[in-house]
Amino acid sequence: MRWTLLVILAVLALALSVVLGPAAVPLGELLRSDIVWSLRVPRALLAFLVGGSLGVAGAGLQALVRNPLADPFLLGLSGGAGLGAVLAIALHLSGPWALPIAAFLGALAALGLVYRLGLIGGASLDPRILLLGGVAIGAFTAAITTAIVSLADAAELRNAFLWLWGGLSGASWDSVLLVALYAPIPLVVLFAASRPLDLLALGEESAGYLGADVERVKRRVYLAASLLTAAAVAVSGVIGFVGLVVPHIARLTWGHRHRSLLPAAFLGGGALLAFADTLARTVVAPRELPVGVVTALVGVPVFAFLLKRWTIA
Amino acid sequence: MARRPDLVVLYNAGPNVTAAKQLERAGIQTVLIDLNRLEDLGPAARTLGRLTGRNEQAESLAMALDSTAGRPPPPSTTSLAFVVWDNPPIIIGHGSYLDQLATQAGARNVFGDVAAPSAQVSLETIVARNPEWIAVLSDSAAPPAFAKRREWRAVRAVREGHFLLLPGSLFGRPGLRSGEAIQQLRARLAR
Amino acid sequence: MNDVRRAPESMMLWLEGVSYRYPGAARDALTNVSLSVGLGEFHAVLGPNGSGKTTLVRIALGAVQPLVGRADIDGRSASRWPRQDLARLVGVVPQREDNLFPQRVRETVLLGRYPHLSLWGRERAEDHDAVDRALAACDALHLADRWLWTLSGGEYQRVRVARALAQEPKLLVLDEPGMSLDLKHEMGLFELVLGLVKTQGLGVLMITHDLNLAARFADSLLLLSEGRTVASGAPADVLTQETVQAVFSWPVMMQTIDGRPQMVPLRQPKESRG
């Protein structure tokens, strides 16, 4: 029953994304409209894929670091992506894909650094070091980025921050195809880790005694979640709160078993982002809000409500 | 400060205000000038003339600049949108300098209804408003990188390659050559 | 030392001449310790803090490799066992456990079925039956639908033992299970463990600091001190007054109850201490 509702919600969010928008497209002309097919449909699909990926990545990370406040962007990836993007502009790298590729590579570099930090003191990925390292690398890259922007001349560099703030403006069938081909692999890795993630909630020692290959699971979950997040940043900038809040909302109905939680987080995250993007495009039309702002504005009250519920439970 | 100029002229913008105060404290004469729109040119010339003691030259210059600014715009024969950034799309709205140039050159800014000097809009809005030209501040002769992006090709002007590539030195800010800028724009639009 | 009649292959757990030193440590954590646990046997490991009990169990479970000596589980080197296969054989109740999210008893015991589940397969009827059986064996079936955080310490421990039982292991390893339990629950736990040994033929290895309960319930004791074996074998042979006094550095009196030695610590007047 609840799955049916979730699927309906997801379909509804997608439908609204296609039907609504700042450019008035009458219902009768939807099927023929170039705006709908070239812009709205790919954008809705991309929003869904990115939102879903962030939801699953967030759920996986929260289980991995055993911290319910973990968000995919706590890992320093957004800082790396921002630095990559700003460098691409400052170095006048050309090409329509220069920014996303640079951002993706920047995110991967940050991922590598944090991973390396997480291995300090032994072969085990220590969740606390992952979190602290992520925050540190994030702050470090943000500082370098700000320095470059303030020293350099171009106003373009300041616009890079707007890009980083999250937007699905770059959505096209090209980017949808790219994400649709890329995302399934890390998603499958995360889904396959569902049971070990359940065990991990008991602590790494107990999980190991129950038969989980703890080190392998940690590595895979961390890498898969990070790769999903890196791709999300590359195509749509930093969209906060989806990865943090969606898993918690999903847990309210589906509980903590990752076998159902992860798919629910995917559908829920996709629906949320598609819906938020529709709001971003229509609320102040003809202008557009950065979608990262909308998810925060929606996410914070939801989060506050959840916190209240938590402290009661 | 080491060079001890007689006068420092700064655009009246955020960080410059603080800089101006610092220079004044160091005993260097500083003036902040508003130079955002065509109408600011005349007063700016007069202010500089007053400060440098060249009032007559300044006055004749100011009158020429005023007439450029005050000229009634020709009827618009074409439409355009200024795209400052592509992802997210940032356009120039009503009241900014570029918008004024366009009007003076006989082109309607399709985003003239946006009150802010610049604003983020959805790509589909640009497509729906269908400007005949996409104007970009660019010093190169090549079309902007976003012209190759699939989602931008939904915009007719992008598909047809109707780009106005405006060099920053001439079109970036109001200046002595504003009149020239308007002429050039008008000529390009006529092609 | 191990009885020569006990053959390594027939033992669930076989540690022989095991030594280990932690990296950077000044002295060995364990020196030449041997231990064997067979099915249907209840073994307890005793000793003061730092005597090497935890290290011994880590080595026994293959979590750490000994520098010297042999550590086998069911005839195979402990560290070579694949995790999931090992979990079908050995159920462990560690000292500490996290509970990140609220959970019901049945769900947490169900986690014990992990070693028997395939990657994508769902839990089957036999898995749920195993959970019921495990809960029943631990006298916790009536708690099945309760939230974990509503349980008392003793009930929670029984649930953890049930989870280990749900793995359907042949060997049960418990690390200080009675710690922080009150008298009633601690007794109940030891009775439970002994019952499992007798009725299900499990082998049990338990670390405990409670000498008296270990002596009452276990078949065999291993007393460690500073990483070395002081004594091993039947409780009456291991826990003699001299031995206990020497290892724990405190005067005691020994009594016998049900044929098992029980230790009573003596009070030491202030002047003669130190």
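Length gained on full extension, residue C:266 to residue C:141, computed as 0.36 nm times the residue gap minus the Cα-Cα distance: 40.8 nm.
Rg/Rh for region A:1-143 stands at 1.10; both radii use Cα atoms, and Rh follows the Kirkwood definition. Taking a straight Cα-Cα cut-off under 17 Å and skipping sequence neighbours fewer than 8 places away in the same chain, the aspartates and glutamates within cross-link reach of residue C:198 are C:41, C:139, C:168, C:219. Of all DSSP-defined beta bridges confined to the protein assembly as shown, some 50% are antiparallel rather than parallel. The eigenvalues of the Cα gyration tensor, multiplied by 5 and square-rooted, give the protein assembly as shown an equivalent ellipsoid with semi-axes of 73, 30, 20 Å from largest to smallest. For chain A, the spread of Cα coordinates along the three principal axes comes to 60, 55, 36 Å, biggest extent given first. Spread over its residues, the convex hull of the C-alpha atoms of chain B is 136 Å³ per residue. With K and R counted +1 and D and E -1, the other residues having a Cβ less than 14 Å from that of residue C:188 yield a net charge of -2. Sequentially through region A:98-109, phi angles give Karplus couplings (6.51, -1.76, 1.60; θ = phi - 60°) of 4, 4, x, 5, 4, 5, 4, 5, x, 5, 5, 4 Hz, Gly and Pro residues having no value and appearing as x.
Scanning residues 5 or more positions from residue B:11 or on other chains, those with amide H under 5 Å from its amide H are B:33, with H placed 1.01 Å from N in the peptide plane. Within region A:9-58, the proportion of Cα pairs with more than 14 Å between them is 52 percent.
Taking amide H atoms as placed 1.01 Å from N in the peptide plane, the amide H of residue C:260 has no partner under 5 Å among residues 5 or more positions away or on other chains. Counting only DSSP beta bridges with both residues in region B:78-190, the antiparallel share comes to about 40 percent. The largest-to-smallest principal axis extents of the Cα set in chain C are 64, 40, 38 Å. Shown here are the Rg and Dmax of the Cα trace of region A:38-122, at 15.5, 51 Å. The order of C:156, A:209, A:115, C:22, going from fewest to most other C-beta atoms within 10 Å of their C-beta, is C:22, A:115, C:156, A:209. Model label points for residue B:18 and residue C:99, set 7 angstrom from Cα along the Cα-to-Cβ axis, are 5.4 nm apart. With the convex hull of its Cα atoms as the shape, region B:8-70 has an orientation-averaged projected area of 4.2 nm². In summary, no lysines lie within cross-link reach of residue C:53, defined as a Cα separation below 18 angstrom excluding same-chain residues under 8 places away.
The distance between label points at residue A:306 and residue B:177 comes to 5.6 nm (points 7 Å beyond Cα on the Cα→Cβ vector).
When both region A:239-265 and region C:175-196 are represented by their alpha-carbon centers, they are found 38 Å apart. On the beta carbon distance between residue B:140 and residue C:180, with R0 = 60 Å, the FRET formula returns roughly 0.20. For residue A:19 and residue A:174, the difference between the fully extended length at 0.36 nm per residue and the C-alpha to C-alpha distance is 53.7 nm. Shown here are the Rg and Dmax of the Cα trace of region B:101-147, at 12.0, 31 Å. Over every Cα atom in region A:164-313, the radius of gyration and the widest Cα-Cα span, Dmax, amount to 17.1, 58 Å. Positive end of the dipole of chain C (Cβ unit charges, origin at the Cα centre): among C:67, C:137, C:264, the Cα lying farthest that way belongs to C:67. Counting Cβ atoms of other protein chains within 10 Å of each Cβ in A:191-201 and taking the mean gives 3.
For the peptides B:110-119, C:134-143, the ranking by packing is C:134-143, B:110-119, with the highest mean count of neighbouring Cβ atoms within 10 Å listed first. Shape index of region C:99-168: Rg/Rh, with Rg the Cα radius of gyration and Rh the Kirkwood radius from the inverse mean 1/r over Cα pairs, equals 0.96. From the residues A:207, A:183, B:96, which one has its Cα farthest along the dipole of the protein assembly as shown in the positive direction, the dipole being from +1 and -1 charges on Cβ of Lys/Arg and Asp/Glu about the Cα centre? So the residue furthest toward the plus end is B:96.
About its Cα centre, chain C has a charge dipole of approximately 440 debye under the convention of +1 per Lys or Arg Cβ and -1 per Asp or Glu Cβ, with nothing else charged. Inter-chain neighbour count for C:87-96: the average number of beta-carbon atoms from partner chains within 10 Å of each residue's beta-carbon is 3. Per-residue shielding of B:144-156, expressed as the average number of other chain Cβ atoms within 10 Å of the residue Cβ, stands at 5. One compactness figure for region B:78-190 is 0.97, namely its Cα radius of gyration divided by 2.2 N^0.38 Å.
Within region C:120-224, all pairs of alpha-carbon atoms sorted by distance into 10 Å bins from zero give the percentages 14, 46, 30, 8, 1. For region B:95-179, the dipole from Cβ point charges (+1 on Lys and Arg, -1 on Asp and Glu) about the Cα centre works out to 200 debye, to the nearest 20.
Sorted on the mean count of surrounding Cβ atoms within 10 Å across their residues, most packed first, peptides C:244-253, B:18-27, C:46-55 read C:46-55, C:244-253, B:18-27.
Rounded to the nearest 20 debye, the dipole magnitude of chain A is 640 debye, with +1 charges on Lys and Arg beta carbons, -1 on Asp and Glu beta carbons, and the Cα centre as origin.
Over all distinct Cα-Cα pairs of region A:127-191, the Kirkwood formula returns a hydrodynamic radius of 15.0 Å.
Since every read-out is calculated from the coordinates, none of them should be taken as a lab result. These numbers were taken from a predicted model, which means no experiment stands behind them. We place every Cβ from the backbone using ideal geometry, glycine too, and count neighbours over all the protein chains shown.
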